[in-house]
Amino acid sequence: MMPLPLSLIIILIGLVLLVGGRQKLGRVGVALGCLVIALSSSMPFAQLITKPLERTYPAYAGQPVSYVVVLGGGHVTDDYLPVSSVLSSASLTRLVEGIRVYRLNSGAKLVLSGYSGSDSVPHAIAMKRVALALGIPEQDIIAEPRPRDTREEAQYMVNIVNESPFALVTSASHMARAVSLFKGQGLDPIASPTYFSVKEAKENDWRYYLPRPDALAMTQMAWHEYLGRAWGWMTKE
């Protein structure tokens, strides 16, 4: 359902129709697939659909908290890499923001979340290794390696934070859905969004309007979030 594979499937169907003699319908399919790729790779379009997701909550403003909950964002265990390169860019940025908020709150605990997936190491443990390497005392880190998605992360945090004030750190585009799921468990998180994709320059040159891979990645991230919201609505999460 992501833009790039969906576009390629549409183009493939169009080519099959062309070969099968359905010229008009086949050309429409190929043109439609190419249009979706071009639109998804357009920075103005990517920012248009991403900005509403990212501007729902402002940056953390220093509210006192007892826990800083950092949601998982992916990693790959590779012994060749330094510990700082194991995490995905989203996950590393989330962890850095979590550490920043943790250091603003004396006595707070840093809660790291995420299961292993197809990796040999749980994501929470991968983040913990990076946090330790950045000087966070081990006694201040709580690693929760069981949650497989945001809904389960919210469920598992109930018994960790209880009624204590806590900051919730995740990507800005993911924050609204995450807050909704946490509130569904009776929790009241203080949003601490990070990993913003939309950064509006005062001026843009002509290259801003050309198809570009970072715009496609932004569109995919936003589309993933909209699909997540739709799935949550259908399953009443």
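What follows is calculated from the coordinates using simple rules that are stated; it is not laboratory data. As the structure is a computational prediction, the values presented were derived from the model and not from experiment. Cβ atoms come from the backbone with ideal geometry, glycine included; neighbour counts cover every protein chain shown.
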With the dipole of the chain worked out from charges on the C-beta (+1 for Lys and Arg, -1 for Asp and Glu) around the Cα centre, which of 170, 30, 80 lies farthest toward the positive end? 30
Restricting to Cα pairs under 8 Å and 6 or more apart, the percent relative contact order of the chain works out to 27 percent
Tell me the angle of helix 123-133 to the major Cα principal axis of the chain, expressed in degrees between 0 and 90 and rounded to the nearest ten. 60 degrees
Skipping prolines and chain starts, which residues have an amide H placed within reach, meaning under 5 Å, of the one on residue 191, given they are 5 or more residues away or on another chain? 168
Fewest-first sequence of 153, 203 by Cβ atoms within 10 Å of each Cβ: 203, 153
Share antiparallel - DSSP beta bridges, the chain, percent rounded to 5: 5 percent
Quick one: compute a quarter of the convex hull surface over the Cα atoms of the chain and quote it in nm². 16.2 nm²
Inter-part distance where region 1-30 and region 129-148 are each reduced to a Cα centre, Å: 47 Å
Mind giving me the nanometre distance, one decimal, between the label points for residue 158 and residue 133, set 7 Å out from Cα along Cα→Cβ? 3.6 nm
Which percent of Cα-Cα pairs in region 67-194 sits in each 10 Å bin, short to long? 14, 50, 31, 4, 0
Arranged by the count of other C-beta atoms within 10 angstrom, fewest first, what order do 207, 94 take? 207, 94
Is there a quick way to get the dipole size of the chain? I mean about its Cα centre, with the Cβ of Lys and Arg at +1 and of Asp and Glu at -1; what is the value in debye to the nearest 20? 740 debye
Greater than 25 Å separation of Cα atoms is the criterion. Which listed pairs, 51/128; 51/183; 109/199, meet it? 51/128; 109/199
On Cα atoms only, tilt of 89-103 relative to the major axis of the chain in degrees: 30 degrees
Which one, 130, 114, 234, is farthest towards the positive end of the dipole of the chain when Lys and Arg carry +1 and Asp and Glu -1 on their Cβ? 234
